[in-house]
Amino acid sequence: DLSDVIAFGDQGTAQTTVRTNRFSTTSANELLLAFVSIDGPPSGGGKNTVTSVTGGGLTWQLVARSNAQLGGAEIWRAFAPAILTNVRVTATLAKSFSSSMTVVSFTGIDTTGVNGASAIGAIKTRGASSGAPSATIVTTRNNSLIFGVGNDWNHAIPRTPLPDQAIVHQFLAPVDHTY
């Protein structure tokens, strides 16, 4: 599985949408994953979620959501049977807050499931009220890639990846959060 395109958009002020820059894919039958980090209300204000993801004329479906703590992190997927040209992806939030979205497209995926479902393996969500959350995940296939998305509601601090890890995109929001 190869990453084809990485597109992102950052929303540093409170809005109900976040949108990527324009992008084009290079082949048909690509899986697109949208990784969305969102701010959220303080305790008692209700949770913030992504209500929909749209773009490319594709059908987007929720893969995973973690919003037990302040803010939230979600992954959405879509399958592009044809090459995409000059498209943008937009996530709509339930509440107006700052956010960040990164879309990554993958070639060479398992196309046997409906709308890219077979290309998704193990899923794990975690949160922590203080400090970094930790999780263990067991891949479902050899040569799997592991991607994640998150936020730090308390501080805008650049993260440093461990050996054999990479940060695809991070946004240090002016509201003192890291996405």
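Listed conditions (1) surrounded by 16 or more Cβ atoms within 10 Å (Cβ to Cβ); (2) more than 18 Å from LEU2 (Cβ to Cβ) are all met by ILE123, apart from (1). Counting only strands (runs of 3 or more DSSP E) wholly contained in region 1-118, the ones carrying 2 or more residues that are touching a Leu at 6+ places or on another chain (Cβ under 8 Å), among the polar types (S, T, N, Q) and open to solvent by less than 30 Å² (accessible area, probe 1.4 Å) occupy 90-107.
Only one of the numbered conditions (1) at pLDDT below 90; (2) open to solvent by less than 80 Å² (accessible area, probe 1.4 Å) is violated by ASN143, and that is (2).
Which of the following residues is of a type outside the set (Phe, Trp, Tyr), at positive phi and touching a strand residue (DSSP E or B) at 6+ places or on another chain (Cβ under 7 Å): GLY40, GLY131, GLY71, GLY127? Lay out the reasoning, then the answer.
Details: GLY40 fails: at positive phi; GLY131 fails: touching a strand residue (DSSP E or B) at 6+ places or on another chain (Cβ under 7 Å); GLY127 fails: at positive phi.
Selected residue: GLY71, the only one of GLY40, GLY131, GLY71, GLY127 that is of a type outside the set (Phe, Trp, Tyr), at positive phi and touching a strand residue (DSSP E or B) at 6+ places or on another chain (Cβ under 7 Å).
Count of region 149-168 residues, restricted to those that are in a loop (DSSP other than H, G, I, E, B) and either touching a residue at least 40 places away in the same chain (Cβ under 8 Å) or among the acidic types (Asp, Glu) (or both), is 6.
The values are calculated or read from the model by the stated rules, or taken from the named source; none is laboratory data. Note that the structure is a prediction, hence the values are computed from the model and not measured. Virtual Cβ from ideal backbone geometry, glycine too; neighbours counted across all protein chains shown. Quick note on the areas: whole protein, heavy atoms, side chains included, nothing else; ligands and nucleic acids left out. Shrake-Rupley method; radii C 1.70, N 1.55, O 1.52, S 1.80 Å.
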